[in-house]
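Participant: Before I ask anything, here is the structure I am working with.
The values are calculated or read from the model by the stated rules, or taken from the named source; none is laboratory data. This one's a predicted model, so the numbers in the text were calculated from it and none came from an experiment. So basically every Cβ, Gly included, is an ideal-geometry build from the backbone, and we count neighbours across all protein chains shown. The area values use the complete protein model at the heavy-atom level, side chains included, leaving out ligands, DNA and RNA. Shrake-Rupley method; radii C 1.70, N 1.55, O 1.52, S 1.80 Å.
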Amino acid sequence: MVNFTIAYEHIFSKYELYATGTTGTRIMQETGLQVHRMMSGPLGGDQQIGSMIATGKMDLIIFFRDPLTAQPHEPDVSALLRLCDVYGIPLATNIATAELLIKSVEKGYFSWRNTAEKYKSKGPDPS
């Protein structure tokens, strides 16, 4: 994740960033980026980010993971991925998808989020 952030620092620098504790610290140490740090993932950081997804405070999630290694906080990771599906948040769990998402951000393809929010705020169509 640190190497990915270094490679795309010019894009990340334009946005507000959030990360679990250790990842956020490492990103800040290796780049000039400011990161809002949550708790460490296994200590509740994944759940804190999940809460931000549920309250509409996240536009996309990049969460690299090794699918061949079991994580002690796997239920929290699964819940985070499920919340992205429930709330329609673009999610990258590998570098190929992350590059597609970050390039989309760079080109301004996330303006659909503003349109979706406008229609959500109007409520259901009464007809």
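Participant: Report yes if Leu60 is touching a residue at least 24 places away in the same chain (Cβ under 8 Å) and open to solvent by less than 30 Å² (accessible area, probe 1.4 Å), otherwise no. First the steps, then the outcome.
Facilitator: Values: touching a residue at least 24 places away in the same chain (Cβ under 8 Å): yes; open to solvent by less than 30 Å² (accessible area, probe 1.4 Å): no.
No; evaluated as a whole, the condition is false for this residue.
Participant: Follow-up question, since we're still on this one. Check off (1) over 24 Å from Asp85 (Cβ atoms); (2) surrounded by fewer than 17 Cβ atoms within 10 Å (Cβ to Cβ); (3) modelled with pLDDT of 95 or more for Gly32 and give me the number that stays unchecked.
Facilitator: With (1) over 24 Å from Asp85 (Cβ atoms); (2) surrounded by fewer than 17 Cβ atoms within 10 Å (Cβ to Cβ); (3) modelled with pLDDT of 95 or more applied to Gly32, the lone miss is (3).
Participant: Can I ask one more? Does Arg65 satisfy the criteria of being of a type outside the set (A, V, I, L, M), free of Cβ contacts under 8 Å to residues at least 12 places away in the same chain and surrounded by fewer than 17 Cβ atoms within 10 Å (Cβ to Cβ)?
Facilitator: No: the conditions fail for Arg65.
Participant: Working carefully through the options Leu83, Leu100, Leu91, find the one that is aliphatic (A, V, I, L, M), loosely packed, with under 14 Cβ neighbours inside 10 Å and modelled with pLDDT of 60 or more.
Facilitator: Details: Leu83 fails: loosely packed, with under 14 Cβ neighbours inside 10 Å; Leu91 fails: loosely packed, with under 14 Cβ neighbours inside 10 Å.
So the residue among Leu83, Leu100, Leu91 that is aliphatic (A, V, I, L, M), loosely packed, with under 14 Cβ neighbours inside 10 Å and modelled with pLDDT of 60 or more is Leu100.
Participant: Continuing with this model, one more query. Residues that are over 15 Å from the mean Cα position of the chain (by Cα), at least 3 per element: which helices (runs of 4 or more DSSP H) completely within region 1-109 meet that? Reasoning before the result, please.
Facilitator: Numbers: elements: 2-7, 9-12, 21-30, 45-54, 74-86, 95-106.
Qualifying helices (runs of 4 or more DSSP H): 2-7, 21-30.
Participant: Name the pairs whose Cβ atoms lie under 9 Å apart, with the first residue in region 28-43 and basic (Lys, Arg), the second open to solvent by less than 70 Å² (accessible area, probe 1.4 Å), and 6 or more positions between them or separate chains?
Facilitator: Hits for this filter: Arg37/Ala19; Arg37/Thr20; Arg37/Gly21; Arg37/Thr23; Arg37/Gly24; Arg37/Thr25; Arg37/Met28; Arg37/Gly45.
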